[in-house]
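Below: the structure, in structure tokens.
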Amino acid sequence: DTEVTQTPKHLVMGMTNKKSLKCEQHMGHRAMYWYKQKAKKPPELMFVYSYEKLSINESVPSRFSPECPNSSLLNLHLHALQPEDSALYLCASSQDPRNTDTQYFGPGTRLTVL
Amino acid sequence: GQNIDQPTEMTATEGAIVQINCTYQTSGFNGLFWYQQHAGEAPTFLSYNVLDGLEEKGRFSSFLSRSKGYSYLLLKELQMKDSASYLCAVEDAGNMLTFGGGTRLMVKP
């Protein structure tokens, strides 16, 4: 199994809603990442989890709240988002956060905030 | 800080060869990755270079010169399905990836 899965594929939410994005991998990877990608722009790193602990938060607003319940799962909780948060949210994983390992990306969740 | 530059767009003909360049200035270097991203899809891994020289993988090759802060991705025998964005990404000393802006390649018949 060399796949990173993400649900849902598409999400439309209002500014007062609370929703969660989910990411799962069963490759035994110990580093997991959230990226945000706006149209025609490269992915921008948001958070890194290393051995289930948050190791990097790239100054992301608190309306985005990551969670890593176990080594296979990564969630991104969303609350009180703004229309400019509409983007493709990509999850990625790599084998060992201490080494230079290839990051494998999930298909992404396309989020629209109304 | 990180600075990674790639051409914004390129056009090439089916069956031809195209070279996509990437220059970088980064604080620490642990390797350079190339990803392919089709419109509306996630990036997929193409290649990884950490030592100087050429890495060949089928129709795709990637070259690195660390002293010049330069890499290129070479695509041979272009096919229509190669139309995509190609992202250069550099891993820094903290094992974090920074992506370049991407090069949108259009392959024409």
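The values are calculated or read from the model by the stated rules, or taken from the named source; none is laboratory data. For clarity, every value in this text was computed on a predicted model and none was experimentally measured. Cβ coordinates were reconstructed from backbone atoms using ideal geometry, including for glycine residues, and neighbour counts include every protein chain displayed.
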A:Leu88 - would you say it is over 24 Å from B:Asn3 (Cα atoms) and either more than 12 Å from every other protein chain (Cβ to nearest Cβ) or touching a strand residue (DSSP E or B) at 6+ places or on another chain (Cβ under 7 Å) (or both)? no
Can you tell me which residue is nearest to A:Cys91 (Cα to Cα) among those in segment B:6-41 that are hydrophobic (A, V, I, L, M, F, W, C) and more than 15 Å from the chain's Cα centre (by Cα)? B:Ala39
Restricting to segment A:9-38, name every residue that is out of contact with any Leu (no Cβ under 8 Å at 6 or more places or on another chain), among the aliphatic types (A, V, I, L, M) and within 16 Å of A:Leu90 (Cα to Cα). A:Ala31
Out of the residues in segment B:71-109 meeting the condition of being at pLDDT 95 or above and of a type in the set (Asp, Glu), tell me which one is surrounded by the fewest Cβ atoms within 10 Å (Cβ to Cβ). B:Glu77
Listed residues A:Leu54, A:Leu45, A:Leu74; which is away from chain B (no Cβ under 13 Å) and touching a Lys or Arg at 6+ places or on another chain (Cβ under 9 Å)? A:Leu74
If B:Val50 satisfies all but one of (1) under 20 Å from A:Asn99 (Cβ atoms); (2) buried (at least 20 other Cβ atoms within 10 Å of the Cβ); (3) aliphatic (A, V, I, L, M), what's the number of the condition it fails? (2)
How do the strands (runs of 3 or more DSSP E) wholly within chain B filter down when requiring 1 or more residues that are within 10 Å of another protein chain (Cβ to nearest Cβ) and under 30 Å from A:Leu111 (Cβ atoms): which remain? B:3-5, B:31-37, B:44-49, B:84-91, B:97-99, B:103-108
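Results for (1) closer than 20 Å to A:Leu81 by Cβ; (2) surrounded by 14 or more Cβ atoms within 10 Å (Cβ to Cβ), shown as yes or no for each residue.
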| site | (1), (2) |
| --- | --- |
| A:His10 | yes, no |
| A:Thr16 | yes, no |
| A:Arg30 | no, yes |
| A:Tyr35 | yes, yes |
| A:Lys38 | yes, no |
| A:Glu44 | yes, yes |
| A:Phe47 | yes, yes |
| A:Lys53 | no, no |
| A:Ile56 | no, yes |
